[in-house]
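The values are calculated or read from the model by the stated rules, or taken from the named source; none is laboratory data. The structure displayed is predicted, hence computed values, not measured ones. As a convention, Cβ positions derive from the backbone with ideal geometry for all residues, glycine included, and neighbour counts pool all protein chains shown.
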């Protein structure tokens with residue numbers, strides 16, 4: 001890990017909350033901790049940020065790797081606090097509280113700020129032993145994470161390369177399928193959402209990425225943006241493919257969506273595709289110096305509403321039309337800051353965001369087109385290199 | 001999900017803590033919530049257990065699926081508490097606290113018990129609004145989860161079938177490699193840990209499973225049980241393969257380890273293999289009615305110590321020999337209750353545990369043999385159907 005983040009906004013927030021340090025107590029699933037410490041481990045570990053630096057507390061098993069790989073200024077083993085003896089006397093939880101109490105005291109921390117998702121058991125345990133614990137409620141680490149360093153941009157670019165390979169495999173399967181009785185067929189068997197998803201995932205694995213979910217949704221399935229899709233893919237229907245892989249080594253995500261159709265999806269589906277593409281392009285163009293996420297979202301809504309479709313802006317209760325926001329930040333989490341929605345604030349160089357308008361209706365199906373871009377001083381750079389087109393082709 | 005768990009021990013713990021309900025506020029990464037609610041979702045949701053039943057609070061996007069798929073007695077949408085309006089007025093965090101306050105009040109909950117990992121931001125927010133929040137510190141849900149229902153045993157069995165297919169692929173690659181200058185070679189290229197791991201993962205994907213990490217460690221790498229391994233696999237060296245996949249649909253894990261060697265690993269390596277196998281068999285035999293996890297661990301230590309190797313029992317500071325515990329529970333988490341270690345309590349029918357002794361030394365390499373078994377009334381049933389043998393063969 002080489003993020004080397006600028007944590008000064010966190011230190012300022014901690015100081016202004018009257019705290020002496022910021023403590024994270026979580027495991028590999030916590031991206032904030034991974035970001036701040038430059039380290040990740042399957043089992044829980046702790047990261048303390050003080051004015052002096054970033055301090056890691058890890059098990060003996062992780063000590064060597066933490067020392068070699070992490071971005072922390074100091075790494076301490078649990079055994080430095082006689083953890084094993086404490087467990088024998090007080091059980092694992094009591095031991096952890098006492099160990100953290102000593103760890104904080106060693107760093108001169110009497111009042112500690114913690115993230116909102118800090119475990120209540122740890123917070124209450126420390127409080128019971130006289131350590132003041134306050135919740136940092138502004139989400140400062142998330143805010144810092146929103147602006148990517150050059151190194152981070154390169155990692156996300158790399159994930160997006162894998163994503164392009166996976167999308168190409170999916171497009172190839174759809175492009176080369178036979179059509180029998182209105183169903184896509186491969187080697188005499190129906191081509192299913194599940195098979196295309198499996199091929200996407202295998203391709204990603206071959207490129208060092210993993211993902212737990214892929215969306216390959218056809219027809220009415222695709223009209224629900226959260227439906228992953230299932231069953232045979234049909235001709236003459238819109239097929240939405242949304243891939244959001246994570247690099248297994250760095251943890252950084254990519255994100256892309258394309259919509260395809262074999263056969264003749266019909267005039268209304270084609271019109272919706274064209275309107276979505278126009279909204280997609282308008283949103284990209286709206287990414288300019290000084291623009292907010294809300295401005296970019298509005299640009300997409302303008303196009304979609306002008307074409308006569310509902311958006312959540314024109315009708316907050318609509319269940320058809322453009323029923324989600326235009327985009328979101330992408331990094332160590334697939335959904336992170338900033339937001340490209342009505343509440344989206346000013347876009348800053350280094351923000352990495354998706355642009356993904358869509359139009360949905362169970363009667364027609366769904367259309368969504370999504371690229372991943374980085375905001376720059378002048379506008380944006382598109383991190384996605386993949387053709388936009390409804391007819392699937394084999395490159 | 002069809003776990004249909006018996007939550008009466010949780011209800012008793014909640015009542016004896018003077019609370020009216022048990023609240024979980026987490027996302028898909030929390031296995032306790034998945035277990036209790038029979039539901040999982042990528043975004044945070046809340047589960048409340050009262051004497052009346054299990055109550056889910058989800059976003060509108062998840063409502064349909066939660067109603068259809070979850071095991072909850074009631075499912076409520078956030079919009080029932082005017083969540084969107086609350087966000088506009090109080091921001092997302094303030095809105096969540098007010099929504100939960102109303103949700104708890106609707107169920108007659110004034111004092112709520114929460115798990116240790118409950119977010120401090122939510123706990124403190126509720127406390128600020130007059131809801132009493134106490135931490136349930138015994139880990140009752142984890143304890144309930146330790147005993148699997150028949151349905152759960154079937155899910156884990158299914159994951160272990162996929163695991164066997166992946167291990168067979170790895171063994172085949174090692175068995176069929178050529179040997180050139182002491183290195184395993186395939187199609188003229190060195191056969192690497194990374195390639196074998198990738199083939200394992202692709203095989204698992206083809207069987208509906210995923211995993212983020214696999215261990216394929218050769219020589220000195222394998223002497224560190226946490227080293228995932230890297231680089232070319234060598235002849236005349238021990239190769240440890242440890243696979244712990246998760247079924248993508250059900251979330252249940254499997255776990256298995258085998259150790260192989262091509263060429264001649266030497267007399268000492270062979271002796272360690274035989275001793276490990278003997279310890280493995282002794283530990284399995286020790287799983288009998290009334291036995292504790294500690295008894296089973298002792299049975300493995302007895303064999304290894306009798307053969308002249310150190311264990312953490314004979315020397316707590318040893319860095320060679322048998323340097324971990326004999327096993328752990330497996331379920332929705334890869335490491336869960338019960339423990340097969342010096343602190344392991346009584347084994348009960350329905351416990352699913354690994355048996356995985358090993359002997360390590362950087363000079364000789366590592367050996368580990370691991371099966372996954374379910375404790376029964378009479379002893380155990382092995383959920384693993386895979387040959388134990390040092391020479392790799394192609395079935």
**OP:** Please tell me if residue A:388 is farther than 18 Å from residue A:299 by Cβ and either without any contact (Cβ under 8 Å) to a residue 60 or more places away in the chain or not assigned by TED's automatic domain parsing to the domain that holds residue A:252 (or both).
**Re:** no
Original post:
Filter region B:288-313 for residues that are in a loop (DSSP other than H, G, I, E, B) and under 25 Å from residue B:337 (Cα atoms); which is modelled with the lowest pLDDT?
Top reply: B:289
Original post:
Counting residues that are in the same structural domain as residue B:103 (by TED's automatic domain parsing) and in contact (Cβ under 8 Å) with a residue 60 or more places away in the chain, which strands (runs of 3 or more DSSP E) fully inside region B:12-86 reach at least 1?
Top reply: B:21-26, B:45-50
Original post:
Here are some residues: A:81, A:63. Which one is over 28 Å from residue B:222 (Cβ atoms), surrounded by 15 or more Cβ atoms within 10 Å (Cβ to Cβ) and modelled with pLDDT of 90 or more?
Top reply: A:81
Original post:
Do you know which residues across region A:221-253 are away from chain B (no Cβ under 14 Å), without any contact (Cβ under 8 Å) to a residue 60 or more places away in the chain and either out of contact with any strand residue (DSSP E or B) (no Cβ under 6 Å at 6 or more places or on another chain) or on the phi > 0 side of the Ramachandran plot (or both)?
Top reply: A:231, A:236
**OP:** Mind listing whichever residues of region A:370-384 are surrounded by fewer than 23 Cβ atoms within 10 Å (Cβ to Cβ) and more than 15 Å from residue A:159 (Cβ to Cβ)?
**Re:** A:376, A:377, A:378, A:379, A:381
Original post:
Do we find that residue A:373 is under 24 Å from residue A:170 (Cα atoms) and either in contact with a strand residue (DSSP E or B) (Cβ under 9 Å, 6 or more places away or on another chain) or not assigned by TED's automatic domain parsing to the domain that holds residue A:151 (or both) in this structure?
Top reply: yes
Original post:
Taking into account only those residues within region B:195-213 that are more than 9 Å from chain A (Cβ to nearest Cβ) and out of contact with any helix residue (DSSP H, G or I) (no Cβ under 7 Å at 6 or more places or on another chain), which is surrounded by the fewest Cβ atoms within 10 Å (Cβ to Cβ)?
Top reply: B:195
Original post:
Taking region A:173-194 as the search range and keeping residues that are touching a residue at least 60 places away in the same chain (Cβ under 8 Å) and touching a helix residue (DSSP H, G or I) at 6+ places or on another chain (Cβ under 8 Å), which one is nearest to residue A:259 (Cα to Cα)?
Top reply: A:174
**OP:** Would you point out the residue of region A:120-139, among those that are within 13 Å of chain B (Cβ to nearest Cβ) and over 14 Å from residue A:22 (Cα atoms), that is surrounded by the most Cβ atoms within 10 Å (Cβ to Cβ)?
**Re:** A:120
Original post:
Can you pull out the residues in region B:299-329 that are in contact (Cβ under 8 Å) with a residue 40 or more places away in the chain and farther than 20 Å from residue B:365 by Cα?
Top reply: B:327, B:329
Original post:
Can you name every residue in region A:333-350 that is surrounded by 24 or more Cβ atoms within 10 Å (Cβ to Cβ) and within 23 Å of residue A:246 (Cα to Cα)?
Top reply: A:338, A:340
Original post:
For region A:43-86, which residues satisfy the criterion of being within 11 Å of chain B (Cβ to nearest Cβ) and under 26 Å from residue A:13 (Cα atoms)?
Top reply: A:44
**OP:** For residue A:104, work out the one condition from (1) part of a loop (DSSP other than H, G, I, E, B); (2) more than 10 Å from every other protein chain (Cβ to nearest Cβ); (3) surrounded by 15 or more Cβ atoms within 10 Å (Cβ to Cβ) it doesn't fulfil.
**Re:** (1)
Original post:
Out of the residues in region B:107-119 that are outside any strand (DSSP E or B) and more than 9 Å from every other protein chain (Cβ to nearest Cβ), which is surrounded by the most Cβ atoms within 10 Å (Cβ to Cβ)?
Top reply: B:109
Original post:
Do you know which residues across region A:134-151 are within 28 Å of residue B:119 (Cα to Cα) and in a helix (DSSP H, G or I)?
Top reply: A:140, A:141, A:142, A:143, A:144, A:145, A:146
